[in-house]
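The values are calculated or read from the model by the stated rules, or taken from the named source; none is laboratory data. These figures come from a predicted structure and were not determined experimentally. Cβ coordinates were reconstructed from backbone atoms using ideal geometry, including for glycine residues, and neighbour counts include every protein chain displayed. Each accessible area value is taken on the protein alone, full model and side chains, heavy atoms only, with ligands, DNA and RNA left out. Shrake-Rupley method; radii C 1.70, N 1.55, O 1.52, S 1.80 Å.
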Amino acid sequence: MKFTSRVALAGVAAASSMALAAAPALAHECVNASKPQDAGIQVLLGPTGISWTTAGVAVRIEQGLIDPDTGEGFHGLIGFDFDGDGAVDFSTFIVGPDDEIPLPAQFNGPSCRGITNVATYMAECL
């Protein structure tokens with residue numbers, strides 16, 4: 001990937017992360033670097049909001065168990081479509097205690113395989 005593409009992707013990811021970090025339920029900081037980014041996602045967020053969900057997430061939104069504006073109540077894999085083409089560009093987890101995988105688990109192990117911290121992944125793997 002070209003350096004300018006990396007910088008652009010990192011900038012968009014950082015902006016999206018800051019916007020989503022405002023919601024308490026979206027404390028996400030890790031990525032699975034060993035899987036395709038679209039593997040197992042339950043929600044796809046595009047430039048204009050939610051662009052796709054699994055049937056189960058759609059039912060939980062309809063029942064009011066998940067707030068689509070803040071993400072409160074959602075736990076699982078979320079994908080981001082930064083360029084609006086309908087494809088997952090990046091995904092992260094919203095699971096575990098405090099809706100994040102504990103920091104030691106994010107930093108133990110290789111940077112570009114398995115579960116790793118988003119900042120490490122963006123800096124070393126893309």
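Couple of notes before you dig in:
Conditions tested, residue by residue: (1) open to solvent by 30 Å² or more (accessible area, probe 1.4 Å); (2) of a type in the set (Phe, Trp, Tyr).
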position: Val43; (1), (2): no, no
position: Ile50; (1), (2): yes, no
position: Asp83; (1), (2): yes, no
position: Phe107; (1), (2): yes, yes
position: Ile115; (1), (2): yes, no
position: Ala119; (1), (2): yes, no
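- The number of residues in the stretch 62-80 that are closer than 25 Å to Ile115 by Cα and either over 16 Å from the mean Cα position of the chain (by Cα) or crowded, with 19+ Cβ neighbours inside 10 Å (or both) comes to 6.
- Every condition in (1) at pLDDT 90 or above; (2) among the β-branched types (Val, Ile, Thr); (3) surrounded by 14 or more Cβ atoms within 10 Å (Cβ to Cβ) is met by Val59 except one, and the failing one is (3).
- Qualifying positions in the stretch 71-126 - of a type in the set (Val, Ile, Thr) and free of Cβ contacts under 8 Å to residues at least 60 places away in the same chain: Ile78, Val88, Val95, Thr120
- When the stretch 19-34 is limited to residues that are assigned to a loop (DSSP other than H, G, I, E, B) and surrounded by 13 or more Cβ atoms within 10 Å (Cβ to Cβ), the one that is modelled with the highest pLDDT turns out to be Ala33.
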